[in-house]
Amino acid sequence: GYLFPDTYEFYKNSTPREAIERMLDNFQHRFNEEMISQIEDINKKYRADYGVREIVIIASLIEKESAAPGESPRVSGVIYNRLFHWGNNRPLLNIDATIVYAQEGQNQRIDTKLDHPYNTYLYEGLTPGPIANPGLSSLQAALSPESHDYYYYVLNPSTGMHTFSATLEEHNANVARFSEG
């Protein structure tokens with residue numbers, strides 16, 4: 001989660017350690033003081049006790065779930081709604097990308113019953129760690145989630161973007177509509 005994805009130039013004889021240190025340094029440079037102060041705003045808004053680690057975990061979920069950087073703040077809003085406003089008081093995130101991570105990248109079948117700490121269909125709250133190395137837009141979205149009433153999204157295969165909905169009924173209708181095509 002802390003190896004910042006960017007374009008890097010390395011000498012041929014650079015060691016893996018040097019490459020990792022450079023990516024970690026870039027993360028420290030990119031995740032600046034302004035972003036750290038935004039964590040306080042998130043904690044006040046949601047009455048949370050998050051630090052950089054939790055924000056990076058959320059950003060990694062956004063990174064894997066967003067179809068494009070433009071929808072990252074909206075996906076972030078869904079994640080925060082599920083964590084802090086879910087009606088059943090049980091913050092299950094129900095994020096498929098976490099299961100793909102638990103299944104070591106295999107995404108042909110999403111096993112929502114898989115007993116794994118990264119399965120957000122079974123285990124409450126955030127995953128134990130990041131599931132990806134989030135880019136700057138995902139980190140920013142994790143710190144500035146869009147305010148809305150959405151709790152669900154599904155990929156619209158004709159547009160390549162997600163369709164968002166506030167209720168399970170709307171979501172199921174969207175899933176049915178997109179699976180027919």
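The values are calculated or read from the model by the stated rules, or taken from the named source; none is laboratory data. Keep in mind it's a predicted model, so treat the numbers as computed, not measured. In this analysis, Cβ positions are derived from the backbone assuming ideal geometry, glycine residues included, and neighbour counts consider all displayed protein chains. All accessible areas refer to the heavy atoms of the entire protein, side chains included, with ligands and DNA or RNA removed. Shrake-Rupley method; radii C 1.70, N 1.55, O 1.52, S 1.80 Å.
The table that follows gives values for the structure above.
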| item | result |
| --- | --- |
| Search result, residues across region 104-132 that are in contact (Cβ under 8 Å) with a residue 40 or more places away in the chain and either under 25 Å from residue 176 (Cβ atoms) or surrounded by 17 or more Cβ atoms within 10 Å (Cβ to Cβ) (or both) | 126, 127, 130, 131, 132 |
| Pairs where the first residue, in region 133-152, is modelled with pLDDT of 95 or more and part of a helix (DSSP H, G or I) and the second is surrounded by 23 or more Cβ atoms within 10 Å (Cβ to Cβ) and of a type in the set (D, E, K, R), C-beta under 7 Å, 6+ apart | 138/63 |
| Among (1) outside any loop (DSSP other than H, G, I, E, B); (2) open to solvent by 20 Å² or more (accessible area, probe 1.4 Å); (3) in contact (Cβ under 8 Å) with a residue 24 or more places away in the chain; (4) not basic (Lys, Arg), the one test that residue 42 misses | (2) |
| Any hit, region 74-97, residues being in contact with a strand residue (DSSP E or B) (Cβ under 7 Å, 6 or more places away or on another chain) and not aliphatic (A, V, I, L, M) | yes |
| Filtered residue count, region 2-34, keeping only those that are open to solvent by 100 Å² or more (accessible area, probe 1.4 Å) and part of a loop (DSSP other than H, G, I, E, B) | 5 |
| Filter result for residue 82 (in contact with a Phe, Trp or Tyr (Cβ under 7 Å, 6 or more places away or on another chain) and within 18 Å of residue 156 (Cα to Cα)) | no |
| Residue match in region 4-23 (condition: free of Cβ contacts under 8 Å to residues at least 60 places away in the same chain, under 25 Å from residue 115 (Cβ atoms) and of a type in the set (D, E, K, R)) | no |
| Filter pass, residue 97 being at pLDDT 95 or above, among the aliphatic types (A, V, I, L, M), part of a helix (DSSP H, G or I) and loosely packed, with under 15 Cβ neighbours inside 10 Å | no |
